[in-house]
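Some notes on the structure that comes next.
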Amino acid sequence: MVVKTVLMVLLGYLSGSVSYAIIISRLVAGKDIRTLGNRNAGTMNVLRSVGKGWGVLVGVLDGVKSLAPMLVARLLWFPDMSASHFLIVVAVGIAALLGHWKP
């Protein structure tokens with residue numbers, strides 16, 4: 001149980017640390033988003049500097065990167081959702097947020 005918890009929290013953090021703004025801007029524009037616009041690697045800068053559709057995609061992917069590890073923890077590892085398992089799933093989501101803020 002402890003190993004599962006640590007692995008899921010680590011997965012959440014790693015998922016959160018992926019910068020889709022940098023990845024999408026490199027693939028689409030061939031440039032680093034941190035050198036364009038306001039130099040922020042965020043959704044709004046991609047939207048303004050690369051395109052609206054790409055900005056929306058980055059926003060959706062940023063949302064999914066915290067939701068996906070929580071769903072994996074919930075559905076695959078903790079199908080019998082008890083109160084302690086709920087807290088583990090919440091910890092996975094918090095780890096994803098921390099990975100997003102401090103990769």
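The values are calculated or read from the model by the stated rules, or taken from the named source; none is laboratory data. Computed from a prediction, not measured in an experiment: that's the story for all the values here. Ideal geometry is used to build each Cβ from the backbone, glycine not excepted, and the neighbour counts take in all protein chains shown. Note: areas computed on protein heavy atoms with side chains; ligands, DNA, RNA excluded. Shrake-Rupley method; radii C 1.70, N 1.55, O 1.52, S 1.80 Å.
General observations
- Of all residues in the stretch 37-50, exactly one satisfies the criterion of being at pLDDT 95 or above, open to solvent by less than 40 Å² (accessible area, probe 1.4 Å) and not β-branched (Val, Ile, Thr), namely ASN45.
- Failed criterion for PRO69 (all others in (1) modelled with pLDDT of 95 or more; (2) under 16 Å from GLY99 (Cα atoms); (3) touching a Ser or Thr at 6+ places or on another chain (Cβ under 6 Å) hold): (1)
- Subset of the stretch 1-39 (residues that are touching a residue at least 40 places away in the same chain (Cβ under 8 Å) and not hydrophobic (A, V, I, L, M, F, W, C)): LYS4, THR5, GLY12, TYR13, SER15, GLY16, SER17, SER19, TYR20
- Within the stretch 40-66, if we keep just the residues that are in contact (Cβ under 8 Å) with a residue 24 or more places away in the chain and hydrophobic (A, V, I, L, M, F, W, C), the residue that is nearest to GLY93 (Cα to Cα) turns out to be LEU61.
- Only listed residue being within 15 Å of the chain's Cα centre (by Cα) and acidic (Asp, Glu), chosen from ASP80, ASP62: ASP62
- Those residues of the stretch 61-91 which are within 30 Å of VAL28 (Cβ to Cβ) and open to solvent by less than 80 Å² (accessible area, probe 1.4 Å), in sequence order: LEU61, ASP62, GLY63, VAL64, LYS65, SER66, ALA68, PRO69, MET70, VAL72
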